[in-house]
Amino acid sequence: MIKKHQPLRKFHDYKSSISRSPNKEPLWINSSSSEMSGPLFSEKIINKNDNDLTLNFSKIGEKPLGQEIFVHGFVKDENGNNLKNVLIEIWQANAGGKYRHQNDPSNIKLDENFGGCGRFITSSDGYYIFKTIEPGAYPYPNRGTEWRPRHIHFSLFGSMFLQRLITQMYFEGDPLIKSCPMVNSIPDINARKLLIGRLDLSKTENEKILGYRFDIVLRGKEQTFFENKREGL
Amino acid sequence: MNEPKKLIDTPSQTAGPFLHIGCTPRITGINIFKSELGLIPFQDISDNEAINIKGKIYDGNNEPIIDAMIETWQCDVNGNYSSNQGFARIVTDLKTGEYQLKTIRPGNKINTDGSLSASYITFWIVARGMNRPLITRMYFLENDLKNDLVLNNIKIEDRLNTLIPYTEDKKNFIFNIYLQGKKETIFFEF
Ligand SMILES: [Fe+2]
């Protein structure tokens, strides 16, 4: 089976992918115990406010700038079963599009009340929730200067290393999504939509925090072919 | 009867150049979590059993990648995988691109078919410019590697040496990873 829902490694419109992807075909092999096992993280590593980015870095009584949002959803396997004990780590820019990182070249100000990272472990029904602020779009060098759509980076550990995933959530309606080469590196146009957090008016608090719903599916054990052939067979 | 419809797994996207904020926040000066993940793969590694692995990841222009994260995953000395040890998270140095890992040499165990399992460490790599993670393995013995790939009916011999580190003392290893070029590392898909 050939699947087109995962991005191409080498995608011409995304310039840094050209020198940062292999030229030769990958080697397809059967998963063994090293792929079908993985680290498990306990609730003990999580603080109470780790999933609240409006609180986990700010000074007491102060808040970061920006529109407050909830981002929530379920983590599932490919059969639709909800996955518990999945560690989710997120990171993002502040409301002005600036990352708290020494290599971010932008002149935009840091927000002294915003770190930009959070952690959560899914509950027994596979549910997760973060409270944060809407990140700003930001420019980056690609084919000249281009703009990243607003996004939140997500990292997930399933129950085996095969399920390890790093991805990004975009925001419904963002006009920058369409021209983003990272999004467009996914050949299947419908699969691109799986990365869009949907406005969720049912998830509001005191009518001042907007909700976004973003469900995530982790792969199973079966091989998913990205190319027509298996090298070496 | 219809096969139950499978959900499509969420597409991968690059971790970007600022992955440290979420994955190793202390490097960026953010000190809010209880601990960093995967600081050491095993508790109480004795000097006797410790091995040191270091190297760089080279891009297609032969430049070391300074914004990569590597997660390593391995079994213990008896060849067993366990969910509470064997995981390490390291990043390449923001200036030099070098990574360093102190761990133990993974062991072998007897498979159900009587063969001996291979000793290797899995390297799972993400960085800016990588739309999907790159997965490779560092084997300690060429024989292990050959047996392992024979099991998978693999018939490529000319690049197998890209999966073997350089060592003089079997304690300190250099394992460089090349994304392109003559020395292009073998990367796996599962
Ligand atoms: Fe980003």
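The values are calculated or read from the model by the stated rules, or taken from the named source; none is laboratory data. From a predicted model like this one, the values you see are computed outputs, not experimental measurements. Cβ placement follows ideal geometry from the backbone for every residue including glycine, while neighbour counts extend to all protein chains displayed. Heavy atoms of the whole protein, side chains included, go into the accessibility calculation; ligands, DNA and RNA do not. Shrake-Rupley method; radii C 1.70, N 1.55, O 1.52, S 1.80 Å.
The figures follow:
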{"read-out": "Tally of residues being within 30 Å of B:Ser117 (Cα to Cα) and more than 8 Å from chain B (Cβ to nearest Cβ) across segment A:12-31", "value": "1"}
{"read-out": "Of all residues in segment B:116-129 being farther than 16 Å from B:Pro41 by Cβ and touching a helix residue (DSSP H, G or I) at 6+ places or on another chain (Cβ under 7 Å), the one that is most open to solvent (accessible area, probe 1.4 Å)", "value": "B:Arg128"}
{"read-out": "Residue in segment B:8-34 that is surrounded by the most Cβ atoms within 10 Å (Cβ to Cβ), counting only those that are at the interface with another protein chain (Cβ under 7 Å from one of its Cβ atoms), hydrophobic (A, V, I, L, M, F, W, C) and farther than 12 Å from A:Ser155 by Cα", "value": "B:Phe18"}
{"read-out": "Test for B:Asn108: is it open to solvent by 10 Å² or more (accessible area, probe 1.4 Å) and part of a helix (DSSP H, G or I)", "value": "no"}
{"read-out": "From B:Ile104, B:Ile164, B:Ile154, residue being facing chain A (nearest Cβ under 10 Å) and β-branched (Val, Ile, Thr)", "value": "B:Ile154"}
{"read-out": "Evaluation of B:Leu149 against (1) in a helix (DSSP H, G or I); (2) open to solvent by 30 Å² or more (accessible area, probe 1.4 Å) (one fails), failing number", "value": "(2)"}
{"read-out": "Residue, nearest to the other protein chains (Cβ to nearest Cβ), within segment B:120-146, restricted to residues that are within 20 Å of B:Ile51 (Cα to Cα) and part of a loop (DSSP other than H, G, I, E, B)", "value": "B:Phe140"}
{"read-out": "Entirely in segment A:71-163, the strands (runs of 3 or more DSSP E) that have 3 or more residues that are closer than 25 Å to A:Ile209 by Cα and either at pLDDT 95 or above or within 14 Å of the ligand (Cβ to nearest atom) (or both)", "value": "A:87-91, A:117-121, A:127-133, A:151-157"}
{"read-out": "Among the residues listed as A:Gly144, A:Gly136, A:Gly211, A:Gly173, the single one being in contact with a Ser or Thr (Cβ under 8 Å, 6 or more places away or on another chain), small (Gly, Ala, Ser) and more than 10 Å from every other protein chain (Cβ to nearest Cβ)", "value": "A:Gly211"}
{"read-out": "Check on B:Asp44, in contact with a Ser or Thr (Cβ under 9 Å, 6 or more places away or on another chain), farther than 21 Å from A:Asn23 by Cα and either within 16 Å of the ligand (Cβ to nearest atom) or outside any helix (DSSP H, G or I) (or both)", "value": "no"}
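Every residue, every condition in (1) facing chain B (nearest Cβ under 8 Å); (2) surrounded by fewer than 19 Cβ atoms within 10 Å (Cβ to Cβ), yes or no:
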| site | (1), (2) |
| --- | --- |
| A:Lys10 | no, yes |
| A:Pro39 | yes, no |
| A:Lys48 | no, yes |
| A:Lys59 | no, yes |
| A:Glu62 | no, yes |
| A:Glu68 | no, yes |
| A:Val75 | no, no |
| A:Ile90 | yes, no |
